[in-house]
Amino acid sequence: MMALRFSALAVLLACACRRDQGAKTINEPFIVDGARVDSDSLNAYLAAHRGFTSKGGEMRCAYRPVGQSGNRVFVWAMCSELLAVEGRLIDGSGMSLPAAFEIEVDSGRPHIVGVEVPQDGNRYGPSIRRIFPVSTWPAIFADRARGHPVAGLDAYLRREAATRFGLPAAAASAPHVHDLPFDSRTGDSITIRRKRSRE
């Protein structure tokens, strides 16, 4: 009986450690030519150059590193447009994909000079093989059910949005809502008034 309890405790601790380790790699910075490339700059660049919105919100991104080759850094990114309406998060546009950033360092300061993402459809695989080094392919092509770098990114972005909009923590884990609520008096979608984030 005692051995069973210790075994169960060991399994729980191992799962907790794995979860904590994974959380540490979200938005982990890169070092390029001795300069630190912060996640905020990578995420903002991706949102500005590849992101899109459909509901008047703001696109925010998060990533997990998948590799680096010289001045090129490779991530799996997720970007989401999340809005706060009537105390809950509403999902707008979003994307989840690998991205390759080109970084230049001038006088010790890093500058992002470009980002490449794979093409859609039957060009996806060939464009991955063209853009990303072989060392990143196992992470990029990993089974989404086990060990894929996308794991945890959606939850991370939802927690960040709930905090930014001053919503209760439960809003982050509530079921996803994609449609804006309707005004029962008029039948129209409720107008979005952009709530200022707490930044």
Seminar exercise, completed: Cβ pairs under 6 Å, 6+ apart or interchain, first in the stretch 55-84 and at positive phi, second in a loop (DSSP other than H, G, I, E, B) and surrounded by fewer than 23 Cβ atoms within 10 Å (Cβ to Cβ), ordered by first then second residue, are 56/192
Exercise. Restricting to strands (runs of 3 or more DSSP E) lying wholly in the stretch 1-72: which have 1 or more residues that are surrounded by 10 or more Cβ atoms within 10 Å (Cβ to Cβ), among the hydroxyl-bearing types (Ser, Thr, Tyr) and modelled with pLDDT of 50 or more?
Worked result: 59-69
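Taking only the stretch 136-171 into account, find how many residues are aromatic (Phe, Trp, Tyr), over 17 Å from residue 57 (Cα atoms), surrounded by 15 or more Cβ atoms within 10 Å (Cβ to Cβ) and more than 12 Å from the chain's Cα centre (by Cα). Write out each step before concluding.
At the first step, the residues of the stretch 136-171 found to be aromatic (Phe, Trp, Tyr) are 137, 141, 156, 165.
Pick out the ones that are also over 17 Å from residue 57 (Cα atoms) and you get 137, 141, 156.
Narrowing the set further to residues that are surrounded by 15 or more Cβ atoms within 10 Å (Cβ to Cβ) leaves 137, 156.
Those still in the list that are more than 12 Å from the chain's Cα centre (by Cα) too: 137.
The number of residues fulfilling the criteria is 1.
The values are calculated or read from the model by the stated rules, or taken from the named source; none is laboratory data. No experiment lies behind these values; they were computed from the predicted model shown. Backbone-built Cβ (ideal geometry, glycine too); neighbour counts: all protein chains shown.
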